[in-house]
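Notes to accompany the following structure.
Please treat every number below as a calculation from the coordinates, not as lab data. As the structure is a prediction and not an experimental result, all values here were calculated from the model. Note that we place each Cβ from the backbone using ideal geometry, even for glycine, and neighbour counts take in every protein chain shown.
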Amino acid sequence: MTRVFNNNAVLAYVGNQENEIILLGRGIGFGKKPGSNLDPSSAQQTFVATGKDRVAFLEMLENVETPVLEIISQAINMGIDLLGSLDPSIYLMLTDHLVFTVQRLHHGSLPHSTLLAEIAAVYPEEFKAAQVIVNFLNSNLCINLPPDEAALITLHLQAARTGRNVKRPLAEANQLASLVDTVASQLGVEDVPNNLRADLTGHLAHLQRRVHAGNFRDNKIALILRGQLGDEWSMAKLLIGRLIQKPLTSQVTGEIAYLAMFLHGWCEDLKAVSQGAKRLSDKRMNNER
């Protein structure tokens, strides 16, 4: 072993290889020092130290103080403890992300995500773990990462949990945000109150998971609802069509009915909020006269 980056990443020669490689794995570097022997089978994943990725990773680690890397390492382990087994690449990808985020924060450039509500709704377990990571980093590094950062960490945790590229969970969150915007556009509403946006986001997230899994529910009064809630039915059909991205069949009729019922109640809530805001505005205008 030639270098210990943190408890979960080391640089070493393995066997007769001429080039050093980076070994990743929980606790692989704990208590180790340069020159120590290491069983490579204890590593969950190897990151071959060649090419641009290797150079970028090493340069990033060279510019970060060891105590900071250790705290980031502990934070990642907390996420693993909460979620269970994750792809070992999380040590590489999330370390890289968090180091960059902390550096940006010190330079006054805060991380920002416009998909906080959507990501929290689509991946609730990963989001809770990400919030724990953010709180731990803020407390131990004496920084103030904003709530938005939890959304960005969530994407990395979800990708490592499923073995997917981080772009996939981001695409799913973007799809959800697009559905919410579609509802607002159909209703001619420019600014949906945060609590109602969260309600709609959460409902559509559950629908998104069922549709992607092919678990469609039945509804015994679907035909009645179709006749009574024509506008909501059309909107529900539009949203589910965008989720499935192929011609709809009778298989999804029940889901259309359930979504139409939700949209009816949600629109009534939105109407009540709008009327309340108008009454408050009128009252203020009368007081100013």
Using θ = phi - 60° and Karplus 6.51 cos²θ - 1.76 cosθ + 1.60, couplings along segment 188-199 (whole Hz; Gly, Pro as x) = x, 9, 7, 10, 7, x, 4, 5, 6, 5, 5, 4
Relative packing of 24-32, 261-269, which averages over residues the other C-beta atoms within 10 Å, highest first = 24-32, 261-269
Values of log10 I(q)/I(0), in the order q = 0.13, 0.19, 0.25 Å⁻¹, for segment 74-131 under a Debye, Cα-only, solvent-free model = -0.40, -0.84, -1.16
Going 7 Å from the Cα of residue 65 in the Cα-to-Cβ direction, what parts of segment 133-155 have a backbone nitrogen less than 14 Å from that spot?
-> 140-143
